[in-house]
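Participant: Provided herewith is a single structure, encoded as C-alpha cells, for subsequent inquiry.
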Amino acid sequence: MIRLEAVGLHYVQGASSGHEVLRDLTMVVPEGGFRWLLGPSGAGKSSLLRLLHIAVLPTSGRLSLLEVDVGGASRHNLALLRRRIGMVFQDFRLLPHLTAFDNVALPLRLAGQPEAQVRAHVTEMLHWVQLGRKLDARPAQLSGGEQQRVAVARAVVGRPHILLADEPTGNLDEIQAERLIQLFKEMNRLGTTVIVATHNDALVARHPGPALRLDQGRLVDHG
Ligand SMILES: Nc1ncnc2c1ncn2[C@@H]1O[C@H](COP(=O)(O)OP(=O)(O)O)[C@@H](O)[C@H]1O
Ligand SMILES: [Mg+2]
C-alpha cells in the first residue's frame, strides 16, 4: 500500500528553499494496484517517483510505503524498504564499468542470493528483454533502447513489491514498448504494485487503466 497525506516537496537550492514542486498530494494506491502516471513535462512525475523510491523525503505531509511511515523510519529501515522497490530511471543509471549481466545481478547479490540462483534469474530476465546475446556488453556498447531494457531487467529481477518506471518506453519502438507493458502487467498480476510514468498516449490507450494525473505539482486525478 502506498499512502500520501498532504505531501509536499521543495527542492532545496543553495541557501534558499526552491519552489514547491509537489503540493498537497493525497492519494492511496492499494497493494497490487496498477496506475499510469500522466501529466505534462515539468508537472512533477519524476519528483513523485523519487519520493516513492525514497530518494528524497517529503518536506511536508506524511508518506507511508508498505506499512512503513517513511518520516519516522530509521535510515537502516529506509534502506531495507528501498530494496523492496524496483525503479526504472528515465536516464537508466547503469553502472558503466559493469556488464549488462552484472548490472542486473546487482540487486540480487546485494540481497545475498546464492550465485547459482543469481545466474539463473539474471539470464532468464535478460533473455526476456531480448538481450540474451548481450550479457557481456557494457552500457557504452549498447544502444539507448538496449540500455533501457537492461534498466528494466534490473528493476524487476528481484520481484519487487513496488515497481516504479519513469518513461520506460522512451527509447523503444512500439513492439518493444508493448512487450514491456506485458511484463509489467504480468508482474502486477503476480501481486506487484506498479506505477508507470509515460507520455506514450498510444500505449495508455491500448491498456486503459486508472491514472494519477499531475499538473503543476498538483494531483488533478487520483485514479
Ligand atoms: N533536483 C531538482 N532541483 C530543483 N528543481 C527540480 C529538480 N528536479 C526537478 N525540479 C523541478 O521540479 C519540477 C518538476 O520536475 P519533474 O519532477 O522532473 O517533472 P516531470 O517528470 O513531470 O517532467 C520542474 O519545475 C523541475 O524544474
Ligand atoms: Mg520526468
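The numbers here are math on the coordinates, done by the rules we state, and not lab data. Note that the structure is predicted; figures quoted are calculated from it, not measured. Quick reminder, even Gly has a Cβ in these numbers, built from the backbone with ideal geometry, and neighbours come from all protein chains shown.
Participant: Given charges of +1 on the Cβ of Lys and Arg and -1 on the Cβ of Asp and Glu, with all other atoms neutral, how large is the dipole of the chain about its Cα centre, in debye to the nearest 20? Each step should come with its number before you reach the end.
Facilitator: Working: 25 positive and 21 negative charges, 88 e Å.
Taking the Cα centre of the chain as origin, the dipole is about 420 debye.
Participant: With the chain treated as a Gaussian network of Cα nodes joined by springs under 10 Å, which of ARG206, ARG93, ARG84 yields the largest mean-square fluctuation?
Facilitator: The residue with the greatest mean-square fluctuation here is ARG206.
Participant: Calculate the translational D of the stretch 100-158 in whole µm² s⁻¹ from Stokes-Einstein, where the hydrodynamic radius comes from the Kirkwood formula applied to all Cα pairs, the temperature is 20 °C and the viscosity 1.002 mPa s. Walk me through the intermediate numbers first.
Facilitator: Details: Rh = 11.1 Å.
Calculated translational D: 193 µm²/s.
Participant: Let me ask something else. Pairing the Cα long axis of helix 115-128 with the longest principal axis of the chain, what angle in degrees results, from 0 to 90 and rounded to the nearest 10?
Facilitator: Taking Cα atoms only, the helix is inclined about 80 degrees.
Participant: Sorted from fewest to most neighbouring beta carbons within 10 Å, what does the list LYS134, LYS185 look like?
Facilitator: Sorted ascending by nearby Cβ count, the order is LYS185, LYS134.
Participant: Order of MET27, MET87 from fewest to most other C-beta atoms within 10 Å? List each step's numbers first, then the result.
Facilitator: Details: MET27 16, MET87 21.
If I rank by nearby Cβ atoms, fewest first, I get MET27, MET87.
Participant: Continuing with this model, one more query. List the GluC sites (Glu not before Pro) in the stretch 1-80 that DSSP assigns to loop (not H, G, I, E or B) and whose Cβ has at most 11 other Cβ atoms within 10 Å. Which are they?
Facilitator: Listed in order of number, the matching sites are GLU67.
Participant: Right, something else. Relative to the longest principal axis of the chain, what angle (0 to 90°, nearest 10) does the C-alpha long axis of helix 100-110 take?
Facilitator: Compared with the principal axis, the helix lies near 60 degrees.
Participant: What spacing in nm lies between the two simple spin-label points modelled at LEU98 and VAL12, each 7 Å away from Cα in the Cβ direction?
Facilitator: 3.0 nm
Participant: Sort ARG23, ARG62 so that the residue with the fewest other Cβ atoms within 10 Å of its own Cβ comes first and the one with the most comes last. All intermediate terms of the calculation are to be shown ahead of the outcome.
Facilitator: Details: ARG23 19, ARG62 15.
Lowest count first: ARG62, ARG23.
Participant: In nm, to one decimal, how far is the modelled label at ASN77 from the one at SER143, with both set 7 Å along Cα→Cβ?
Facilitator: Calculated label separation equals 4.6 nm.
Participant: Return, for the Cα atoms of the chain, the radius of gyration and Dmax in Å, separated by a comma.
Facilitator: Rg then Dmax for the chain, in Å: 17.3, 51.
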